[in-house]
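Data block below; observations after.
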Amino acid sequence: MGWSNAFGLISKDRSRPLHYRFAKKQRHTANRLIARSSLISNDPVLDPSQFSWTNALTAKWHDIRAEALAVFKHRDAIPPLREISPDHRRIMKNDSWRSFFLIGYGHREEGNLARAPKTAALIETIPGLNSAFFSILAPGAVIVPHRGVTKAIITAHLGLSVPRDRENCWMRVDNQRLHWDEGKWTVFDDTYEHEVRNDTDETRIVLLCQVERPLAPPGKWIAAGSLAYVRRSQFVTDAKRNLRDWEEVYAKSERGEL
């Protein structure tokens with residue numbers, strides 16, 4: 001799931017640059033090489049204890065939750081992910097998945113970091129952090145089955161606000177059905193097919209972190225090249241610009257102007 005123009009309708013590969021389409025076609029070969037070089041399990045769902053940084057954030061999860069709930073007071077000023085990345089429009093048909101970005105592909109959202117200073121200080125300690133944001137899933141949200149692009153990244157969710165009817169708020173990764181728990185991590189490889197549903201009347205909020213997979217060469221070199229390409233791409237540049245527009249929307253909401 002990549003970044004692209006937040007207000008355009010670029011959703012099909014033929015509308016993208018030739019080098020992007022070539023890179024996408026080569027991702028399966030790259031992922032096989034990355035998997036062979038992985039220093040951790042290649043299983044769909046991973047043990048959070050494989051990542052030393054998870055304990056520090058777990059110990060402070062109440063602080064993170066408090067900041068996330070403060071942000072959520074301005075929920076309508078938090079951008080739907082499909083507005084930041086039209087790639088997500090194929091998996092999310094409405095605005096029920098919103099994302100308050102702190103860091104995206106290494107790019108810092110300074111205004112948002114200042115709004116969540118305790119969370120910001122904690123995520124700064126995560127080695128190989130690629131992205132971090134409050135992921136907000138509204139009641140009735142459905143994210144259809146899909147796969148991530150690269151095994152260079154591992155996805156981790158820290159449960160912050162989980163519906164009481166947790167059995168009806170779930171994520172399937174490969175053939176495993178998972179539920180979030182407040183104050184606990186769910187870690188997975190998003191290149192396996194996964195889907196999400198919130199069939200409850202409450203909102204689910206997690207801190208979503210994407211971190212670089214621990215790798216040995218040559219997978220380490222391939223992953224570094226892939227991430228460097230994405231971070232310099234037009235899609236990330238456009239997303240950064242459009243997130244700045246949403247920053248102004250959020251600031252207006254804070255001032256009571258919306």
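The values are calculated or read from the model by the stated rules, or taken from the named source; none is laboratory data. Owing to the predicted nature of the structure, the values given are computational and were not obtained by experimental measurement. Methodologically, a virtual Cβ is constructed for each residue, glycine included, from the backbone with ideal geometry; neighbour enumeration extends over all protein chains shown.
Tabulated data
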| quantity | calculated |
| --- | --- |
| Failed condition for Asp245, given (1) within 21 Å of Ile103 (Cβ to Cβ); (2) buried (at least 20 other Cβ atoms within 10 Å of the Cβ); (3) in contact with a Phe, Trp or Tyr (Cβ under 9 Å, 6 or more places away or on another chain) | (2) |
| Complete set of residues in the stretch 178-222 that are touching a Pro at 6+ places or on another chain (Cβ under 7 Å) and acidic (Asp, Glu) | Asp189, Glu193, Glu195, Asp201, Glu202 |
| Residue within the stretch 221-237 that is among the basic types (Lys, Arg) and within 17 Å of Arg147 (Cα to Cα) present | no |
| Yes/no for Val230 being touching a Leu at 6+ places or on another chain (Cβ under 6 Å) and aliphatic (A, V, I, L, M) | no |
| Candidates Thr200, Thr237, Thr155 - the one that is surrounded by 18 or more Cβ atoms within 10 Å (Cβ to Cβ) and without any contact (Cβ under 8 Å) to a residue 60 or more places away in the chain | Thr155 |
| Per-region count, the stretch 114-126, residues within 23 Å of Pro44 (Cα to Cα) and over 16 Å from the mean Cα position of the chain (by Cα) | 0 |
| Test: Ile78 is over 24 Å from Ala228 (Cβ atoms) and among the β-branched types (Val, Ile, Thr) | yes |
| Residue in the stretch 42-51 that is in contact (Cβ under 8 Å) with a residue 24 or more places away in the chain, under 21 Å from Ala116 (Cα atoms) and in contact with a helix residue (DSSP H, G or I) (Cβ under 6 Å, 6 or more places away or on another chain) present | no |
| Filter result for Tyr250 (within 16 Å of Pro79 (Cα to Cα), among the hydroxyl-bearing types (Ser, Thr, Tyr) and either surrounded by 21 or more Cβ atoms within 10 Å (Cβ to Cβ) or touching a helix residue (DSSP H, G or I) at 6+ places or on another chain (Cβ under 8 Å) (or both)) | yes |
| Scope the stretch 165-179; condition part of a strand (DSSP E or B) and surrounded by fewer than 19 Cβ atoms within 10 Å (Cβ to Cβ); matching residues | Trp170, Arg172, Gln176, Arg177, Leu178 |
| Filter result (buried (at least 16 other Cβ atoms within 10 Å of the Cβ) and farther than 21 Å from Thr191 by Cα) within the stretch 28-53 | Trp53 |
| Selected residue [in a helix (DSSP H, G or I) and either in contact (Cβ under 8 Å) with a residue 12 or more places away in the chain or in contact with a Lys or Arg (Cβ under 7 Å, 6 or more places away or on another chain) (or both)] from Asp76, Asp95 | Asp76 |
| Complete set of residues in the stretch 104-121 that are surrounded by 14 or more Cβ atoms within 10 Å (Cβ to Cβ), in contact (Cβ under 8 Å) with a residue 40 or more places away in the chain and in contact with a strand residue (DSSP E or B) (Cβ under 8 Å, 6 or more places away or on another chain) | Gly104, Tyr105, Glu109, Asn112, Ala116, Thr119 |
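Yes/no per residue for (1) charged (D, E, K, R); (2) assigned to a helix (DSSP H, G or I); (3) modelled with pLDDT of 95 or more:
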{"site": "Pro163", "(1), (2), (3)": "no, no, yes"}
{"site": "Asp181", "(1), (2), (3)": "yes, no, yes"}
{"site": "Val187", "(1), (2), (3)": "no, no, yes"}
{"site": "Asp190", "(1), (2), (3)": "yes, no, yes"}
{"site": "Glu202", "(1), (2), (3)": "yes, no, yes"}
{"site": "Cys209", "(1), (2), (3)": "no, no, yes"}
{"site": "Pro217", "(1), (2), (3)": "no, no, yes"}
{"site": "Lys220", "(1), (2), (3)": "yes, yes, yes"}
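Condition check ((1) touching a His at 6+ places or on another chain (Cβ under 6 Å); (2) aromatic (Phe, Trp, Tyr); (3) at pLDDT 95 or above; (4) not in a loop (DSSP other than H, G, I, E, B)) across all residues:
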{"position": "Leu102", "(1), (2), (3), (4)": "no, no, yes, yes"}
{"position": "Ala114", "(1), (2), (3), (4)": "no, no, yes, yes"}
{"position": "Thr119", "(1), (2), (3), (4)": "no, no, yes, yes"}
{"position": "Pro127", "(1), (2), (3), (4)": "no, no, yes, no"}
{"position": "Pro139", "(1), (2), (3), (4)": "no, no, yes, no"}
{"position": "Thr150", "(1), (2), (3), (4)": "no, no, no, no"}
